[in-house]
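Below is one structure; the comments refer to it alone.
The values are calculated or read from the model by the stated rules, or taken from the named source; none is laboratory data. This is a predicted model, so every value here is computed, not measured. Neighbour counts run over all protein chains shown; Cβ positions are idealised from the backbone, glycine included.
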Amino acid sequence: MKPQSITETQFQSYPSNVNSYDEMLDGNGQVRPHWAYLMHALNELGTEEVTLRHKESLKLLRENGVTYNVYGDPNGTNRPWKLDPVPLPISGDEWVGIEAGLLQRAELLNLILTDLYGPRELIRKGLLPMELVYNHGGFLRACDQIRLNGRHQLVLYAADLARGPDQKMWVLGDRTQAPSGSGYALENRLAMSRVLPTLLRNAQVHRLEPFFQSLRAGLNAIAPDQTDVPRVAVLTPGPFNETFFEHAYLASHLGYPLVQGDDLTVRDGHVWLKSLTGLQRVDVILRRVDDNYCDPLELREDSRLGVPGLLEVARRGNVAIANPLGSSILENPGIQPFLPGIAQHFLGQSLKLPSIATWWCGQPRELEYVISNIHQLVIKPIYRKPGVRSVFGHLLSKQELSEWRARIRANPAFFVGQEHESFSTVPSLVGNGYEPRQTLLRCFLVARAEGYTVMPGGLTRSAPEKGDIPISNQMGGISKDTWVIASEPQHVPTSNKPEHVGDSNPNHNNALPSRAADNIFWVGRYAERAEGSIRLLRATIKKLYINPDRDNPIYEDSLHSLLRGVTNLTGTWPGFFSEDPEVMLQSPDKELLSVVLNEQRSGSIANSLRCLVQSGFAVRDLWSSDTWRVMDEMEDHLNRSQPHDEGTLWHMQDHLDHLITTLCAFSGLVMENMTRGNGWLFLDIGRRLERSLLLISTLRTAFSVRQNDAVETQLIESLLDTSDNTICYRQHYRNYFELPSFLELLLLDTNNPRSLAYQIASLQEHVAKLPHTRHGLRLSGEERLMLEASSILSLANLDDFLVVSKDNIRENLDQQLSRLYYLLSTLSETITADYFRHGSSPQPL
Amino acid sequence: MRYRVTHKTEYEYTEIVGQSYNEARLLPRLCYHQNIISTHLEISPREADYRIREDFFGNQVAYFSVPEPHREFSVTAISEIQIFSSAQQLNFAEGASWETVKETLEKDRRREIQDARQYTLDSPFIEITPSLTAYAKTSFTIGRPLLEAVHELMERIYRDFIFDPEFTTLATPLTDVLEHRRGVCQDFAHLAIGSIRSQGLAARYVSGYIETLPAPGKEKLVGSDASHAWFSVYLPEVGWMDFDPTNNQVPSDQHITIAWGRDYGDVTPLKGVIFGGHNHELKVSVEVERLGH
């Protein structure tokens, strides 16, 4: 394809003479050859179409739940992942050079890491200053002399690259402790391949998936015991971490359980996963928790994210951690100026990829240089701590500059000065056209037994605005797909069979951590609680607005019964039981709105949904993408319905209808798509249990005290509506609403999926399948409880239910329901005690 | 001199502790002036996973867990140690000046000196502040021999500061100690170390025990002794020299060394993580018995 002239295209507004190097245009305003196809294709599509496809890709990423920072935190902004539709193409020829430079750098950093936690020859020989290492918070003395199996201590590595004005690619920084971004890179690629499939296929772009095969192989290679397929777990700080999405995504993509610190325990010199079926040994940990937080016994004692004793197990060689604890020492920017010397020492080579010019202030000459040139440098601490940021000299006032000079002089060994460069620009979609934006590229490597592998591609991030500004996800950077162009077409392999070296342990993968089971159980309960509450609310609103007859005492009594039912069912006391209920019962709109919308109120619909989404997010790795999309929609809806509380109750109906549909979609997907393992079992137990409790509570509120027949008839009508059982009732019992038939349908009919008998029967089946340690033929605690519940219903006599005492109470009905309620609550407690015990949290002695 | 040291640490919890993980630096290390005849830990309830290793600083560390639920937990270290009184009679007024030592530490590439150099840096409990540097400066006058300066620093700390166990906790920063002129042996050791480091010199923290002799005519009280701390300063060609600012003494044969490091944080006698327990009561007793020569 012949190079196009910029003027023929929709890129014509793109400035052809930008100050720094532009990735797309050469100095003469001509499109570079490896951009030609991409530009041509984007041009053919036209910006309008590209904008549409872009929106589509953002929607996809959103629906897949790709987020960067705190999820669902009311204080944090819920920031969906941003993807620009223009990728960064890199020519095959240039990539050969980048790849070689990255491989060399990874080998070099690996040798440094091995040396620093081994002989420390580099310090003795003066190739690395002692102060640079020993002053760094990432140099963990407790990790001294610990080694992983094999040649590689640095298993995962990521480098941030950018092109300087001299057209060379420079390394700006090294990520060596728990590099993030590879999962986002893969998600970007998936989104791009959905919205621009032809373009991606025809551009001959290298695939990313083989990198993840290598990651599996690399993790297997460091396992302590090489005789068996190792059991790997992904250790995350939890759902409040900024990159939790990626932890969950990688865990599920790689087929490893996602665990938090207290899912693991140390016994007998090994690490174990606390799963439902007991302790399962863990051989390899893919770590996304910062090293200082991994073991409260030997590292930070205030950490709640770690596993006490973990470091000792690693020391004994019984668990391999990737990256090993202590590897954050390499993220020290002060090491950069010493790399050329070390490369000569270890490899006899010069660096193929230069580092950005860096001066470590721990040396007198360098200190003076930084002090005199501070206004044009970037000042960085050697150790990243919360609250300590890099500063750009050119942005500082005179006053601030002199403060920084003093700060550096007081503690020179803690700072470096770095050259401030204008990096190359890449076109980004802005409004209806394309504008140049400075760009950074993060590349990913993993060590396999035979050497490092580079992901052919990476995570490109571009500045949200024009000019020289720091680029980071925290500060609103926008990501791009990265295309390494192959010389021949890339075939998608027809077989999905993974390479043998990347096998994962099938027994281990079925291991459901107790915490995950706990969360799933509550997803079931909250989903049902939300649905049950919405149904009753909806029936109540209907009653209130359709043919209200507020002068009629029969209407009023049945309405009041419903309103009290709302309070009891949602547990939003005092509600309609408040000390002066008359006013409230007279105009209930405000209270009902609050029960729908007030998220701070425990038991409200908004609150149940929020809890549902939070429990669901904590086990993000277990949901199919369709299921996740539904959950996401739920949260979206929740967030949108929050701000305007002034909506009227009548208008709430749409909102509630929509939520019911979403909740039903969720249950449907779970029923249809989730394998019937322990996860599903706990979810369905949660559901059935909650549905039973709600039903019992509703029936007791409505019918324990006998009311006028006409009132009860109206109540029956509303409650049938609530349980979506009206049609079913009519088929069986015609149009006459009467209590015996109603109770039979909702309590005793084992064929009605909304009846109590049906729930109990399901629960009885489920609890028999729970992983028990059997004591002969004896029933488990859970089985005993459900046997009693089932007997109560089997032996129940409708006539006895209807007997009314002198003080107008249906004693038998009330007592039986109360006993059932007790049995079911006890079931919940027993399950919690038997399966979800995480123990108390650790604390320092 | 031979001693038997019994160091007992007991915890009583208000609630059951499910399990615990522990690290003890209670077994004395071997060093040039002391020989370990025997040393062991007695742990109750029974421990699991017990292993001894050497840490970054060469100290003995015992790792163990207590897997069974308990309300009481005790660790007793029992050691028999031979101390050789330092025969060397150093004249503090002679020897290298502190400036010479500083330069040697900066430039000399010999392994031993490089190893000592790490003790010139700040550490988690000891951060050099201007007030600390100013306090040190009085003793480190131009051209003064290092040992003379350090000896005077020790005397000044002994004179200027009041031993007050009520005043400080582990979390009391050095600046508060300096401002209020109060503290315990740990604080005085930290203060001396910080002063010495502020001059670009190497100093480290030593934990151990001291034999306290009974008052004339009285029985020595069992358990009246506590674990102790002092500091050590590095002098090239000679090595590490101990000083005890709490007692204004150059240790000879009454100081028993357990471990050393940059500061207290590196040599905590007993660390642990427990599950459960809620509140606890702690009792520590140390008994140093003289067994003869």
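The set of residues in region B:2-33 that are part of a strand (DSSP E or B) and surrounded by 20 or more Cβ atoms within 10 Å (Cβ to Cβ) comprises B:Tyr3, B:Val5, B:His7, B:Thr9, B:Tyr11, B:Val17, B:Gln19, B:Ser20, B:Tyr21, B:Asn22, B:Glu23, B:Ala24. Restricting attention to region A:403-424, does a residue exist that is of a type in the set (Lys, Arg), within 27 Å of A:Pro165 (Cβ to Cβ) and outside any strand (DSSP E or B)? No, because not a single residue in region A:403-424 is of a type in the set (Lys, Arg), within 27 Å of A:Pro165 (Cβ to Cβ) and outside any strand (DSSP E or B).
Could you tell me which numbered condition B:Met154 fails, if it satisfies all but one of (1) among the hydrophobic types (A, V, I, L, M, F, W, C); (2) modelled with pLDDT under 95; (3) assigned to a helix (DSSP H, G or I)? Condition (2) is where B:Met154 drops out. When each of A:Leu612, A:Leu663, A:Leu585, A:Leu622 is tested for being farther than 30 Å from A:His253 by Cβ and surrounded by 14 or more Cβ atoms within 10 Å (Cβ to Cβ), the lone residue that passes is A:Leu585. Quick one: which residue in A:Arg730, A:Arg688 is of a type in the set (Lys, Arg), part of a helix (DSSP H, G or I) and in contact with a Ser or Thr (Cβ under 8 Å, 6 or more places away or on another chain)? Sole residue among the options that is of a type in the set (Lys, Arg), part of a helix (DSSP H, G or I) and in contact with a Ser or Thr (Cβ under 8 Å, 6 or more places away or on another chain): A:Arg688.
Going residue by residue through region A:345-357, is there one that turns out to be closer than 16 Å to A:Thr176 by Cβ and within 14 Å of chain B (Cβ to nearest Cβ)? No, there is no match, as no residue in region A:345-357 is closer than 16 Å to A:Thr176 by Cβ and within 14 Å of chain B (Cβ to nearest Cβ). Is there a residue in region A:740-751 that is in contact with a Lys or Arg (Cβ under 8 Å, 6 or more places away or on another chain), among the hydroxyl-bearing types (Ser, Thr, Tyr), within 26 Å of A:Ser718 (Cβ to Cβ) and assigned by TED's automatic domain parsing to the domain that holds A:Val711? Within region A:740-751, not a single residue is in contact with a Lys or Arg (Cβ under 8 Å, 6 or more places away or on another chain), among the hydroxyl-bearing types (Ser, Thr, Tyr), within 26 Å of A:Ser718 (Cβ to Cβ) and assigned by TED's automatic domain parsing to the domain that holds A:Val711.
Here A:Trp170 meets each of (1) buried (at least 20 other Cβ atoms within 10 Å of the Cβ); (2) under 20 Å from A:Ile98 (Cβ atoms) with one exception, condition (1). A single entry from A:Leu817, A:Leu827 fulfils the requirement of being assigned to a helix (DSSP H, G or I), under 30 Å from A:Ser275 (Cβ atoms) and away from every other protein chain (no Cβ under 14 Å): A:Leu827.
Taking the criterion of being hydrophobic (A, V, I, L, M, F, W, C) and either over 16 Å from A:Gln438 (Cβ atoms) or at pLDDT 95 or above (or both), the residues of region A:401-426 that qualify are A:Leu401, A:Trp404, A:Ala406, A:Ile408, A:Ala410, A:Ala413, A:Phe414, A:Phe415, A:Val416.
Looking at the structure I just gave you, is B:Asp176 out of contact with any Cys (no Cβ under 6 Å at 6 or more places or on another chain), within 14 Å of another protein chain (Cβ to nearest Cβ) and acidic (Asp, Glu)? In short, no. In region A:171-196, the residues that are in contact (Cβ under 8 Å) with a residue 40 or more places away in the chain form Cβ pairs under 6 Å with partners that are assigned to a strand (DSSP E or B) and charged (D, E, K, R), at six or more places apart or across chains, as follows: A:Leu172/A:Asp160; A:Gly173/A:Asp160; A:Ala178/A:Arg287; A:Gly181/A:Arg442; A:Asn188/A:Asp481; A:Arg189/A:Asp481; A:Met192/A:Asp481. Counting only residues that are of a type in the set (S, T, N, Q) and either crowded, with 21+ Cβ neighbours inside 10 Å or within 12 Å of another protein chain (Cβ to nearest Cβ) (or both), which one in region B:245-292 is nearest to B:Glu80 (Cα to Cα)? Filtering region B:245-292 for residues that are of a type in the set (S, T, N, Q) and either crowded, with 21+ Cβ neighbours inside 10 Å or within 12 Å of another protein chain (Cβ to nearest Cβ) (or both), the one nearest to B:Glu80 (Cα to Cα) comes out as B:Thr257. Number of residues in region A:122-157 that are closer than 20 Å to A:Val284 by Cα and among the hydrophobic types (A, V, I, L, M, F, W, C) equals 7. Counting only residues that are more than 16 Å from B:Gly208 (Cβ to Cβ) and within 14 Å of chain A (Cβ to nearest Cβ), region B:8-39 holds 14 of them. Scanning region A:203-226 for residues that are closer than 15 Å to A:Gly317 by Cα, out of contact with any Asp or Glu (no Cβ under 8 Å at 6 or more places or on another chain) and surrounded by fewer than 21 Cβ atoms within 10 Å (Cβ to Cβ) yields a single hit, A:Gln226.
Of all residues in region B:175-186, those satisfying the criterion of being assigned to a helix (DSSP H, G or I) and over 21 Å from B:Met241 (Cβ atoms) are B:Thr175, B:Asp176, B:Val177, B:Leu178, B:Glu179, B:His180. A count restricted to region A:830-845 and to residues that are in contact with an Asp or Glu (Cβ under 6 Å, 6 or more places away or on another chain) and away from every other protein chain (no Cβ under 14 Å) stands at 2. Just one of the listed residues (A:Val319, A:Val282) is β-branched (Val, Ile, Thr) and more than 26 Å from A:Gly137 (Cβ to Cβ), and it is A:Val282. I'd like the full set of residues that are outside any loop (DSSP other than H, G, I, E, B), at negative phi, within 11 Å of another protein chain (Cβ to nearest Cβ) and touching a residue at least 12 places away in the same chain (Cβ under 8 Å), limited to region B:40-61. Matches in region B:40-61: B:Ala48, B:Tyr50, B:Arg51, B:Val61.
The sole residue among A:Asn808, A:Asn812 that is surrounded by fewer than 16 Cβ atoms within 10 Å (Cβ to Cβ) and farther than 18 Å from A:Gly686 by Cα is A:Asn808. Checking the stated criteria, A:Asn241 turns out to be assigned to a loop (DSSP other than H, G, I, E, B) and either among the β-branched types (Val, Ile, Thr) or crowded, with 18+ Cβ neighbours inside 10 Å (or both).
If you go through region A:443-455 and pick out every residue that is farther than 14 Å from A:Gly150 by Cα and surrounded by fewer than 24 Cβ atoms within 10 Å (Cβ to Cβ), you end up with 2.
If I go through region B:79-120 residue by residue, how many of them are within 14 Å of chain A (Cβ to nearest Cβ) and among the β-branched types (Val, Ile, Thr)? Looking only at that region, the number is 2. Restricting attention to region A:523-581 and to residues that are outside any helix (DSSP H, G or I) and among the β-branched types (Val, Ile, Thr), the residue that is surrounded by the fewest Cβ atoms within 10 Å (Cβ to Cβ) turns out to be A:Ile546. The helices (runs of 4 or more DSSP H) found wholly in region A:274-382 include none carrying at least 2 residues that are without any contact (Cβ under 8 Å) to a residue 24 or more places away in the chain, polar (S, T, N, Q) and touching a Ser or Thr at 6+ places or on another chain (Cβ under 8 Å). Applying a threshold of 6 Å to beta carbon distances and a minimum spacing of six or more residues, or different chains, the list of pairs starting in region A:388-416 at a residue that is among the aliphatic types (A, V, I, L, M) and ending at one that is assigned to a loop (DSSP other than H, G, I, E, B) reads A:Ile408/A:Cys361; A:Ala413/A:Asn135; A:Ala413/A:Gly362.
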